[in-house]
């Protein structure tokens with residue numbers, strides 16, 4: 001016979017599992033206006049909670065280079081929690097635009113083997129989407 005304490009522990013564990021989100025994903029949107037870019041990165045707040053100090057972590061895992069390989073400095077414009085999601089806003093100057101720029105997005109791939117990061121970029125009257133998973137290096141925008 002199974003004790004009631006064990007059953008209660010199993011039920012509580014199942015309840016917690018149902019509340020947790022089933023996938024590990026993030027999305028980022030880059031929008032170029034003239035010679036600047038605005039970035040909004042959306043991640044599940046509970047996934048990010050254990051990543052450590054937010055800005056140093058993002059600098060290590062998310063970056064942008066222009067078409068000549070020069071780093072584009074992204075400055076934090078703030079972070080806000082919207083329900084279960086943390087939205088981190090960045091901005092930078094892109095004098096040469098985003099066409100041909102290289103992006104890396106390893107956000108949370110160090111924590112979750114199934115992490116998928118989707119990036120949508122809008123620039124020069126077009127859009128492009130890049131997908132990043134664990135082990136991916138930088139990818140170029142067309």
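No lab work stands behind these numbers, since they all come straight from the coordinates. Values in this document were obtained by computation on a predicted structure and should not be read as measured data. Neighbour counts are summed over all protein chains in view; Cβ atoms, including those assigned to glycine, are modelled from backbone coordinates with ideal geometry.
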Problem set entry | Of all residues making up segment 70-85, the number that are within 16 Å of residue 40 (Cβ to Cβ) and part of a strand (DSSP E or B) | 9
Exercise. Which of the residues belonging to segment 99-121 are surrounded by fewer than 16 Cβ atoms within 10 Å (Cβ to Cβ) and assigned to a strand (DSSP E or B)?
Worked result: 118, 120
Exercise. Is it fair to say residue 43 is in a strand (DSSP E or B) and more than 19 Å from residue 139 (Cα to Cα)?
Worked result: yes
Exercise. Is there a residue being closer than 27 Å to residue 45 by Cβ and within 17 Å of the chain's Cα centre (by Cα) anywhere in segment 96-104?
Worked result: yes
For this session: Evaluate the following for residue 63: is it touching a residue at least 24 places away in the same chain (Cβ under 8 Å) and part of a loop (DSSP other than H, G, I, E, B)?
Result: no
Problem set entry | Subset of segment 41-53 (residues that are farther than 14 Å from residue 111 by Cβ and surrounded by 15 or more Cβ atoms within 10 Å (Cβ to Cβ)) | 41, 42
Exercise. Of (1) surrounded by 19 or more Cβ atoms within 10 Å (Cβ to Cβ); (2) on the phi > 0 side of the Ramachandran plot, residue 69 satisfies all except one. Which?
Worked result: (1)
